[in-house]
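Here the structure comes first, spelled out in structure tokens, and everything after it is commentary.
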Amino acid sequence: MSAAPAGVRGPAEANVRARARKRLALVAAVPPALFLLVAFVGPLVRLVAASVQDDDGRLTLAHYRTVWTSGYYVDAIWETLVLALLVMVTAVVGGYLMAVPLARARSRWTRAVVLIAVLSPLLTSVIVRSYGWLVLLAPNGAVASLWETIAGSAAPQMLYNTPAAFVATTHVLLPFAALTIAPGVAAVPRDLETASTSLGAGAARTFFRVTLPLSLPSVTVAATLVFVLAMGIYVTPLVVGGDTVPFLGIRVYQTIFQLGDYPTASALGFTLAVVTAAGTAVLLALFAWLRRLGGVGAR
């Protein structure tokens, strides 16, 4: 007679504990939700409101027409997309090369050296890093001196152009890719790679058929993170590349501080957010297709 009540109490108590955990999770989610509401949603609403009002406070889309019809802004949108994609590809490839020894090196010293190399751009402020590139790429800097030694001719202009901004931006964002990819590489079972090579597959085929598909989720996160950061970055490109580099972040900066046109800057900022979100959605869809193609997450 006593077994039945105990059997009934067991599931009931489990349900009570489950409901308590759900309530606790909801309570724990309240502070970050409030933070996002205040720090992200609130400013975004104010940004959109400023972009659709004229000087008299009346609703207008004139600022968006300016953004989407002016070659000054339209060219910046497309060139920012291209540069962000180039930075993303370069950072992900370089980050993967750094993530492999970071995740699989047997020597602790090797891992420590690679980790220091990966983290070094993050250990200094963005201004210090940017001015470091100014010193390296200056006409009398180390890169120009090396060029003259090897080529025997004067070095070309290496500062205040798009290539300089591209290199400096990639350097800043490379650690984000490497640190994101490393756990994915570490999670790939070495037994599968050993089985692949034992069946006659070479190192390249094993990488592209086994290692890369299994680490593709971490590559997806790294690529998305770098792309989003590259779309909005402006300090490093501005300092190293100058104000002629067509990054949208620089255009927003110029529209505010040089033109004093806050409504158009708001429209451009919201356009940047929409373009970034659309590009991110396309990237996620592309990587989802690649994962299905490689058989990762197909079930």
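The values are calculated or read from the model by the stated rules, or taken from the named source; none is laboratory data. Computed from a predicted model, the values in this text were never measured in an experiment. Cβ coordinates were reconstructed from backbone atoms using ideal geometry, including for glycine residues, and neighbour counts include every protein chain displayed.
The table that follows gives values for the structure above.
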{"quantity": "Residue in region 183-194 that is surrounded by fewer than 13 Cβ atoms within 10 Å (Cβ to Cβ), at pLDDT 90 or above and either closer than 17 Å to Y96 by Cα or touching a Gly at 6+ places or on another chain (Cβ under 6 Å) (or both) present", "calculated": "yes"}
{"quantity": "Elements of type helices (runs of 4 or more DSSP H) in region 204-299, at least 3 residues being without any contact (Cβ under 8 Å) to a residue 12 or more places away in the chain and over 29 Å from Y72 (Cβ atoms)", "calculated": "262-294"}
{"quantity": "Verdict on Y96 being within 29 Å of F208 (Cβ to Cβ), among the aromatic types (F, W, Y) and in the same structural domain as A223 (by TED's automatic domain parsing)", "calculated": "yes"}
{"quantity": "Pick from region 66-82, criterion within 26 Å of Q53 (Cα to Cα) and hydroxyl-bearing (S, T, Y), ranking: surrounded by the fewest Cβ atoms within 10 Å (Cβ to Cβ)", "calculated": "T69"}
{"quantity": "Those residues of region 214-270 which are surrounded by fewer than 20 Cβ atoms within 10 Å (Cβ to Cβ), among the β-branched types (V, I, T) and farther than 23 Å from A91 by Cα, in sequence order", "calculated": "T244, I256"}
{"quantity": "Cβ pairs under 7 Å, 6+ apart, first in region 144-164 and at positive phi and in contact (Cβ under 8 Å) with a residue 60 or more places away in the chain, second surrounded by 13 or more Cβ atoms within 10 Å (Cβ to Cβ) and not in a loop (DSSP other than H, G, I, E, B)", "calculated": "Y160/G241"}
{"quantity": "Residue, surrounded by the most Cβ atoms within 10 Å (Cβ to Cβ), within region 88-143, restricted to residues that are touching a residue at least 40 places away in the same chain (Cβ under 8 Å) and over 25 Å from A223 (Cα atoms)", "calculated": "L137"}
